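Worksheet for the structure shown next.
Read-outs: derived from the displayed coordinates by stated rules, not from any lab. The shown structure was predicted, so the numbers you read here are calculated from the model rather than taken from an experiment. FYI the Cβ positions are ideal-geometry reconstructions off the backbone, even for glycines, and counts take in every protein chain you see.
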Amino acid sequence: MAAQQCLLAIRQATRAAIGELYDGSARATRMIFFTRQLQDGIQSNSGWTRRADREWKKRVELHERYHAAIAPMLPTSVRRLCRETLHDAVVTLAK
């Protein structure tokens, strides 16, 4: 029961934090904030760099709000992991 309540709270926080980006069909495997299309858009030859840059900054803010909303509900070990930079990291062991 506690796990279901936690899941519900995270879903509600997701809807509140990302508002217009959340369409109710988000799945754990789907990128919500930083999509491939947006990544392509911020490249200098995309043709829509300035608009994509503004959208990127907006999504950074939304992501920060989302993280702040769900952080208290996450286990300590996950919060600790979130403070690390995992860009281009390679996971060699997971238990």
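What the phi angles of the stretch 59-65 give under the Karplus curve with 6.51, -1.76 and 1.60, with θ = phi - 60°, is a coupling list of 6, 4, 4, 5, 5, 4, 5 Hz, glycine and proline written as x. Derived value for the stretch 34-95: Kirkwood hydrodynamic radius 14.0 Å. Basis is the mean of 1/r over every pair of different alpha-carbon atoms. The slack between LEU86 and VAL60, meaning 0.36 nm per residue of separation minus the straight C-alpha distance, is 7.7 nm. Applying 1/(1 + (r/R0)^6) with R0 = 30 Å to the Cβ-Cβ distance of HIS67 and SER46 gives a FRET efficiency near 0.65.
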